[in-house]
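What follows draws every value from the coordinates through simple rules; no lab data is involved. Remember, it's a predicted structure, so these values are computed and weren't measured experimentally. Cβ placement follows ideal geometry from the backbone for every residue including glycine, while neighbour counts extend to all protein chains displayed.
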Amino acid sequence: MALKYSTTNKKRKASKRGLPPESLVFTGEKMLAEPVVSLISFNEQELEEIRIGSASDLPPQIAEDKVTWLNMDGVHDITFIEAVGKNFGLHPLILEDVLDTSQRPKAEVYDDVVFFVARMLSHSETGHVISVEQVCFVLSKNFVITFQEGKQGDVFEEVRERLRRSKGKSRKSKADYLFYELLDAIVDNYFVILEKVGNELEELEDDILKNKKNAVLHELHNLKSEILLVRKSIWPLRDALTKTEREENSLISKSTRIYLRDTIDHAIQEIETIETYRDLLASLQDLYLSTLSNKMNEVMKLLTIITTIFIPLSFIAGVYGMNFKHMPELEWQYGYFLILFIMLVIGGGMLKYFRVKKWL
């Protein structure tokens with residue numbers, strides 16, 4: 001499993017110790033060589049989509065009659081982040097949180113904007129690896145800004161397509177509805193991740209039942225880590241969504257709050273699925289241990305039966321292996337064959353007895 005804010009991230013975050021509030025320090029890992037910034041400005045009649053090459057290309061002012069969506073992939077360029085903050089009038093604490101890529105999903109309301117942090121997950125087609133990147137949202141009256149840590153698993157393309165094709169309410173609504181659509185895209189993508197994790201659980205269950213030993217413990221550990229990662233992402237996200245929906249805020253209309261409640265419902269369904277998977281994973285661990293125990297019992301049972309059969313045979317061999325001078329059977333020409341016959345009868349009789357008792 002891949003975490004983008006591991007030991008390196010912790011060290012960089014520790015470097016902020018002693019700095020005053022509002023200090024802008026990037027604490028994540030650089031995923032892109034240069035930030036990729038796009039701007040979409042639209043209303044019901046028209047849409048304009050441009051690429052922002054540098055901070056000087058940022059629009060000097062925001063059109064009042066349009067909704068503006070600025071998306072930034074890669075947040076390692078502090079100078080660019082400062083320029084965006086200055087251009088859109090963002091609080092320095094917002095910029096500080098954007099640069100700290102280990103934020104817990106949360107929602108904060110400032111005087112004129114809503115700041116929201118979520119985690120976007122993507123699942124590798126090979127290797128069973130879940131990657132996570134932080135996404136920060138800034139919602140204002142007529143604009144939405146999204147800061148993506150990298151471009152590992154962008155789930156916003158469907159939203160862009162709806163805007164381009166003017167499908168649904170996207171172009172007819174305000175910035176708060178766009179904010180909802182982007183959040184809903186992240187939450188719905190968790191269903192895709194959970195479906196793949198569920199498929200992995202089914203495959204692992206089949207391997208255990210078929211007694212395949214191909215790194216089952218390793219797979220169990222990986223799945224446990226994946227489920228834990230999804231759980232740590234969705235639980236606080238649900239709380240942040242609930243806070244955003246319930247708090248009185250003029251930036252989010254009543255009609256949009258209805259849609260947010262639907263997104264919260266999706267998050268609750270995903271949490272229930274995660275808990276089901278956790279129980280199933282615990283059951284698979286018990287099943288695997290039981291399978292190992294049963295196999296060990298079968299081996300011990302077989303060894304015990306073999307030992308039991310050879311005990312009387314070993315006794316006979318031991319008796320006739322003693323170095324006494326007067327043992328009449330040793331002088332008889334058929335003595336050797338008689339002893340072998342007796343041993344075969346005893347061994348065969350014990351095998352038949354074990355089969356009658358269904359021990360074999």
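How would you rank 159-165, 80-86, 325-331, highest first, on the average number of other Cβ atoms within 10 Å across their residues?
Ranked by mean Cβ neighbours within 10 Å, highest first: 80-86, 159-165, 325-331.
Rounded to the nearest 0.05, what FRET efficiency do Glu202 and His326 give with R0 = 56 Å and r taken as the Cβ-Cβ distance? Could you check?
0.15
Is it possible to state the helix-based mean residue ellipticity at 222 nm for the chain, with each DSSP H run of 4+ residues giving -39500 (n - 2.57), the sum divided by total residues, to the nearest 500 deg cm²/dmol? What is it?
Roughly -18500 deg cm²/dmol at 222 nm, from the helical runs in the chain.
At a threshold of 8 angstrom on Cα-Cα distance, excluding pairs fewer than six apart, so keeping six or more, what relative contact order does the chain reach in percent?
14
Treating only the Cβ atoms of Lys and Arg (+1) and Asp and Glu (-1) as charged, compute the dipole magnitude of the chain about its Cα centre; round to the nearest 20 debye.
Dipole size: approximately 1440 debye.
For region 7-290, what is the percent of antiparallel DSSP beta bridges, rounded to the nearest 5?
Roughly 85 percent of the beta bridges in region 7-290 run antiparallel, per DSSP.
Would you mind ranking Phe115, Phe147, Phe315 by Cβ crowding within 10 Å, fewest neighbours first?
Least to most surrounded, the residues fall as Phe315, Phe115, Phe147.
Which of Met31, Met300 has the fewest other C-beta atoms within 10 Å, and how do the rest follow up to the most?
Met300, Met31
At 10 °C and a viscosity of 1.306 mPa s, what translational diffusion coefficient does Stokes-Einstein give for region 55-140, taking Rh as the Kirkwood radius over Cα pairs? Give it in µm²/s as a whole number.
Answer, rounded: 110 µm²/s.
Which one of Ala55, Trp69, Leu287 has its Cα pushed farthest toward the positive end of the charge dipole of the chain, where Lys and Arg give +1 and Asp and Glu give -1 at the Cβ?
Leu287
What FRET efficiency do you get for Ala215 and Thr304 if R0 is 30 Å and r is their Cβ-Cβ distance, rounded to the nearest 0.05?
Efficiency, rounded to the nearest 0.05: 0.45.
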